[in-house]
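Quick note: the coordinates plus some simple rules give every number you see, no bench work behind them. Given the structure is predicted, the values throughout are model-derived calculations rather than measurements. In this analysis, Cβ positions are derived from the backbone assuming ideal geometry, glycine residues included, and neighbour counts consider all displayed protein chains.
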Amino acid sequence: MKKRIIRFLKHIFSTLLILGICAVFFGLYHGAAVHYGDHPLKYHIGNEGPYVFYQNDSTVQVNYVSGNRGDGYVVDKREYALNAEVSLSSYFQIDSTSFDFTIRPNIEPPKTTYNDGNPILAISDIEGSYKAFRDFLIHAKVIDQKLNWTFGKGHLVLVGDFVDRGWSVTQVLWLIYKLEQDAEKEGGCVHFIIGNHELKNMQGNYKAAADKYLAAANFLGRYQTDLLSPNSLLGRWLSSKNSIEKINGNLFAHGGIHPDVGELSLGLDEINHVLRNNYYTPYFPKRESTPESTSEGILMSTKTGICWYRGYYRDDLTQEEVEKGLNKFDAKSIVVGHTLQSKVNRKYQGKVIGIDVKHPKDYHKNWPKGESEGLLIDGDEYYRVLHDGEKKKI
């Protein structure tokens, strides 16, 4: 009897162990990670900002938040003329570094199509991890240690989801804002492609945002939805961006092109115009995504929309279905984020390139540890760019 009980318990233990191992591998396959080791400065806000809001037709208000739970928090508020080019700085408290930039009064939508043959470096889904973003750009020789642009006439393409989840969203956004101006002076270009999390924040959905930003909004005497609203400089700047662009024959979109999009009688400029007009339109109730839907419904749907589509990795698509959208826009490939990959890779005969990888976080550690990667396109050659700058042809 005793041996039978022991044998039964061994079977139970073995079964549970096998199920546990399977669960771990299933989770790892789908991007799960164990979060541990919070940074001691996580709940200390050191000169956080700036948060810039339009006061009226002639002035803007610049806000910085500082403090901690023990000593309390203070807000530094200053006002400037709307038409002034104001020099500001953004501070990163983990390594006590900062960078300067100038805010400009005029915000214009970027072009949709570029064709100059210059190299392209693309990265996506940084999700508020400033250090990972900054360090990757340094190792990839896009910027130097002082954050000066060193990529010449190259294109830096940011394929969506640079906000949410992380605790350094403001630093990430202001660095992009700064690099846009720096690149322009050198003949280069920074392209910020809108992802579904940028959309969520513009539409007031901050469910995935770090607690820090709810606290910051409260200290500022505002709602969290104000942080990227049309009344904020970052919100107005962000909402001027495109959701899809074509650079040297390659398309860039956060989600991708659903086959139904290939049936629409709209060019890239028109698609971006439709999407920009709806950036602040809530996506609930969800739009239908059937072929009979309106162009607007298809493009903004959380299933078929340019910023949301996951079909390249979730649907059983044919090569013909994949190429329908590419052929419509006379493109040789499409580069997408949104759906997590173990590494930058090409599929569908090299036509679809996935670049969403698990980047390290600024304020906590994960197991397994993520390492940043990006994509370099140089002429007709495609390379994985690893976190240390090493290149591997794909």
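From least to most packed, judged by other beta carbons within 10 angstrom and beginning with the fewest, ILE123, ILE247 follow the order ILE247, ILE123. The calculated 222 nm mean residue ellipticity attributable to helices in the chain amounts to -8000 deg cm²/dmol, summing -39500 (n - 2.57) over DSSP H runs of n ≥ 4 and dividing by all residues.
With N the number of residues in the range 236-394, Rg(Cα) / (2.2 N^0.38 Å) evaluates to 1.09. In this Cβ point-charge picture (+1 for Lys and Arg, -1 for Asp and Glu), the chain has a dipole of about 2040 debye about its Cα centre. By the count of other C-beta atoms within 10 Å, a proxy for reagent exposure, LYS369, LYS212, LYS332 are ordered fewest to most as LYS369, LYS332, LYS212. Each residue of the range 343-352 is assigned a 3J(HN,Hα), and the resulting list reads 6, 4, 8, 10, 9, 6, 6, x, 7, 10 Hz, derived from the Karplus form 6.51 cos²θ - 1.76 cosθ + 1.60 (θ = phi - 60°), x at Gly and Pro.
Remark: relative contact order (the chain) = 17 percent; criterion is Cα-Cα distance under 8 angstrom and separation of 6 or more residues. Model label sites at THR281 and LEU266, defined 7 Å from Cα along the beta-carbon direction, differ in position by 0.8 nm. Other residues within the sphere of radius under 12 Å centred on the Cβ of ILE193, judged by their own Cβ, net out at -2 (K and R +1, D and E -1). Normalising the Debye intensity of the chain to I(0), with uniform scatterers on Cα atoms only, and taking log10 at q = 0.10, 0.12, 0.13 Å⁻¹ returns -0.67, -0.95, -1.11.
In plain terms, the residue of GLU321, GLU79 with the fewest other Cβ atoms within 10 Å comes first and the most crowded comes last, giving GLU79, GLU321. Note on the range 190-221 and the range 337-394: Cα centroid distance 24 Å, given to the nearest whole angstrom.
Every Cα-Cα pair in the range 44-103 was counted, and those over 12 Å apart are 69% of them. Look at the alpha carbon pairs under 8 Å that are at least 6 residues apart: their mean separation over the length of the range 44-103 gives a relative contact order of 29 percent.
Most simply put, the chain has about 75% antiparallel DSSP beta bridges, counting only bridges with both residues inside it.
When the chain is treated as a GNM, springs tying every alpha-carbon pair under 10 Å, which of GLY256, GLY379, GLY166 comes out with the largest mean-square fluctuation? So, out of GLY256, GLY379, GLY166, the one fluctuating most is GLY379. Determine the shape class of the range 147-285: with a ≥ b ≥ c the square roots of the Cα gyration tensor eigenvalues, call it rounded for a/c under 1.5, and otherwise prolate if a/b is greater than b/c, oblate otherwise. Taking the square roots of the gyration eigenvalues as a ≥ b ≥ c, the range 147-285 is oblate.
Can you flag which of LYS207/LYS324; LYS42/LYS391; LYS42/LYS200; LYS365/LYS392 are past 29 Å Cα-Cα? Among LYS207/LYS324; LYS42/LYS391; LYS42/LYS200; LYS365/LYS392, the Cα-Cα distance tops 29 Å for LYS207/LYS324; LYS42/LYS391.
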